[in-house]
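What follows is a short report on a single structure.
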Amino acid sequence: MINLPKLEHIWKGSIESRSLDKLTILTLKGCHSMKTLFSHEMVSQLKQLQHLQVEECNAIEEIIKTGYIVESRAFPKLKNLQLIDLPRLFNIC
């Protein structure tokens, strides 16, 4: 998802089981209205995610919404994480 300055959420509301289970690559660039990338529900669905790149998203404050305990087996297949030019980022999980 590139240059979507008004995008606030990747997913809003409840997530059906297996909705995101085939997602392996996620790239976000220029999504200037998004403050939080993943809810706790989304993290549990992203078992196949291998590459995550978040770049030039000026409002991003956290990758995973605070207030949740992230299990050590979250993102079991993640190989590449790139967090680039995120001036307001203060929390990953």
Next on the checklist: Name the single residue that is modelled with the lowest pLDDT among those in the stretch 2-32 being more than 19 Å from V70 (Cα to Cα) and polar (S, T, N, Q).
Outcome noted: S19
Next on the checklist: Exactly one condition in (1) over 15 Å from M1 (Cα atoms); (2) open to solvent by 40 Å² or more (accessible area, probe 1.4 Å) is false for T24; which is it?
Outcome noted: (1)
Checklist entry - Given the conditions (1) of a type in the set (S, T, N, Q); (2) modelled with pLDDT under 85; (3) surrounded by 15 or more Cβ atoms within 10 Å (Cβ to Cβ), and given that Q45 satisfies all but one, which numbered condition is not satisfied? => result (2)
Next on the checklist: For the condition within 13 Å of the chain's Cα centre (by Cα), under 12 Å from N58 (Cα atoms) and charged (D, E, K, R), what is the one hit in K6, K29?
Outcome noted: K29
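Listed here are the residues, each with its yes/no results for (1) open to solvent by less than 40 Å² (accessible area, probe 1.4 Å); (2) modelled with pLDDT of 95 or more; (3) not basic (K, R).
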{"site": "M34", "(1), (2), (3)": "yes, no, yes"}
{"site": "Q50", "(1), (2), (3)": "no, yes, yes"}
{"site": "V54", "(1), (2), (3)": "yes, yes, yes"}
{"site": "I64", "(1), (2), (3)": "yes, no, yes"}
{"site": "P76", "(1), (2), (3)": "no, no, yes"}
{"site": "K79", "(1), (2), (3)": "no, yes, no"}
{"site": "D85", "(1), (2), (3)": "no, yes, yes"}
{"site": "N91", "(1), (2), (3)": "yes, no, yes"}
Next on the checklist: Please return the ranges of strands (runs of 3 or more DSSP E) entirely within the stretch 15-83 where 2 or more residues are touching a Leu at 6+ places or on another chain (Cβ under 6 Å) and not small (G, A, S).
Outcome noted: 51-55
Checklist entry - Of all residues in the stretch 1-14, how many are in contact with a strand residue (DSSP E or B) (Cβ under 6 Å, 6 or more places away or on another chain) and either part of a loop (DSSP other than H, G, I, E, B) or surrounded by 12 or more Cβ atoms within 10 Å (Cβ to Cβ) (or both)? => result 1
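The values are calculated or read from the model by the stated rules, or taken from the named source; none is laboratory data. Quick caveat, the model's predicted, so the values are computed rather than measured. Reconstructed Cβ throughout: ideal geometry from the backbone, glycine too, with neighbour counts over all protein chains shown. Please note that ligands, DNA and RNA were not included when accessible areas were found on the heavy atoms of the full protein model with its side chains. Shrake-Rupley method; radii C 1.70, N 1.55, O 1.52, S 1.80 Å.
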